[in-house]
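Here's the structure, in structure tokens; my notes come after.
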Amino acid sequence: KDIPGTSAVSPGSSKECAPDTESPSGTGEADYCRRILVRDAKGTIREIVLPKGLDLDRPKRTRTSFTAEQLYRLELEFQRCQYVVGRERTELARQLNLSETQVR
């Protein structure tokens, strides 16, 4: 179905959300696609096709606020070795009271 003033936008030329004529719902839509309507700054409404697996409702992760001391130590380690791995990462994370992912 066409909606006046809209255009379908899909990422690249991927077939991930191409219409599925054998869809059990009989709508001709792939069951793993989600269509949303968005209005741009000029007021134009566009239809965007996204994979249903993309969790748009999940809240964003809060950004980590590092202390001045943590930043200083992390920068020193980065200058010494850009890839801190293994025991060094575990130990640095423990010393700075951060997770290993934050140290990475």
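Every read-out reported here was derived from the displayed coordinates using simple, explicitly stated rules and does not represent laboratory data. Computed from a prediction, not measured in an experiment: that's the story for all the values here. So basically every Cβ, Gly included, is an ideal-geometry build from the backbone, and we count neighbours across all protein chains shown.
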task: For region 45-104, list log₁₀ I(q)/I(0) at each q in 0.20, 0.24, 0.29 Å⁻¹, using the Debye formula over Cα point scatterers of equal strength and ignoring solvent, two decimals each.
output: -0.76, -0.98, -1.28
message: If packing is taken as the average number of other Cβ atoms within 10 Å across a peptide's residues, how do 54-65, 72-83 rank, most packed first?
response: 72-83, 54-65
